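Undergrad: I have a structure here, written as structure tokens, and I will follow up with some questions on it.
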Amino acid sequence: MTLEELHQGISTCEKCGLSKERNKTVPGDGDPHADIVFIGEGPGRNEDQQGLPFVGAAGKLLSELMVGIGLERKDAFIANVVKCRPPGNRDPLPEEVEACWPYLEQQLKLIDPLLVVTLGRHSMNRFVPNKSISEAHGQAFRREIPNMGKLVFFPIYHPAAALYRPQLKDEIVADFSKVPKLLAKIKQDKEMRAEVDSQSTQPKLFT
Ligand code: URA
Ligand code: SF4
């Protein structure tokens, strides 16, 4: 299956209640062979109308941050944990996340990126559990996720939160500036994936 075929399937999905109030599904967008994938929580109003991820105010900040490290949106892949907008931008319910999760599994398997940047604490917690974002942001963790394979995760604050809190914006900018070196290091470190213990759910710090 290609990413395009997967997204075609998502466009008619009715696996959870979020299908009822959505306008458009927001499967994700970008390079199907990207080295870097950004994962937010779920589409907001603008995303729901356009069918594209991170196109509102938070998306504008995300684009600026990417440009700041020489990355164009088309060079990355941007997706969300749930592909349909939770009404009123509420947090997705556990059963909605569970219903949508296989799509993210397939996306990450198909793209097979070097680095997954999680945006905000909800997205982080799906991959790097039991940590607070204030301690984990700006650090890279490697872990094997069932059905997704061995991946490196880099949690940062959500750009939407940074819009209203200047201090978080400074942190997000600082964390972003670490990404190019981190990517280069992962490319170099060919053993990086082999070293992850498949049985462990504990993320391992990538230093
Ligand atoms: N916030 C998210 O988490 N995802 C989007 O696509 C837009 C805003
Ligand atoms: Fe399907 Fe995911 Fe949309 Fe629910 S949120 S209807 S599982 S695509």
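Undergrad: Name the lysines eligible as straight-distance cross-link partners of Lys24: C-alpha to C-alpha under 29 Å, and not fewer than 8 places from it in the same chain.
TA: Cross-link targets: Lys15, Lys60, Lys74, Lys83, Lys109.
Undergrad: When DSSP assigns beta bridges and you keep just the ones with both residues in segment 3-205, what percent turn out antiparallel, to the nearest 5?
TA: Antiparallel bridges make up about 45 percent of those DSSP assigns within segment 3-205.
Undergrad: In segment 3-205, with Lys and Arg counted as +1 and Asp and Glu as -1 at Cβ, which of these residues, Pro43, Gly70, Phe54, has the Cα nearest the positive end of the dipole, that is, farthest along it?
TA: Positive-end residue among those listed: Gly70.
Undergrad: Right, another one. Fewest first, what order do Ile156, Ile172, Ile145 take by the number of other Cβ atoms within 10 Å?
TA: Fewest-to-most ranking of Ile156, Ile172, Ile145: Ile145, Ile172, Ile156.
Undergrad: A follow-up question, please. At 4 °C and 1.567 mPa s, what whole-number value in µm²/s does Stokes-Einstein give for the translational diffusion of the chain, with Rh from the Kirkwood sum over Cα pairs?
TA: 76
Undergrad: Within a 10 angstrom radius of the beta carbon, how do Ser63, Ser11 rank from fewest other beta carbons to most?
TA: Ordered from fewest to most neighbouring Cβ atoms within 10 Å, Ser63, Ser11 come out as Ser11, Ser63.
Undergrad: Is it possible to state the helix-based mean residue ellipticity at 222 nm for the chain, with each DSSP H run of 4+ residues giving -39500 (n - 2.57), the sum divided by total residues, to the nearest 500 deg cm²/dmol? What is it?
TA: Only helices count here, giving -11500 deg cm²/dmol.
Undergrad: Taking only C-alpha pairs under 8 Å that are 6+ residues apart, what is the relative contact order of segment 1-89 in percent?
TA: 41
Undergrad: Another question, then. Place a label point 7 angstrom from the Cα of Lys185 along the Cα-to-Cβ direction, then list the residues of segment 121-140 whose backbone nitrogen is under 16 Å away.
TA: What the label zone holds, given the 16 Å backbone N cut-off, is 136-140.
None of the figures in this text is laboratory data; all of them are computed from the coordinates on show. Being a predicted model, the structure only gives us computed values, none of them experimental. All Cβ positions, glycine included, derive from the backbone under ideal geometry; neighbour counts span all protein chains shown.
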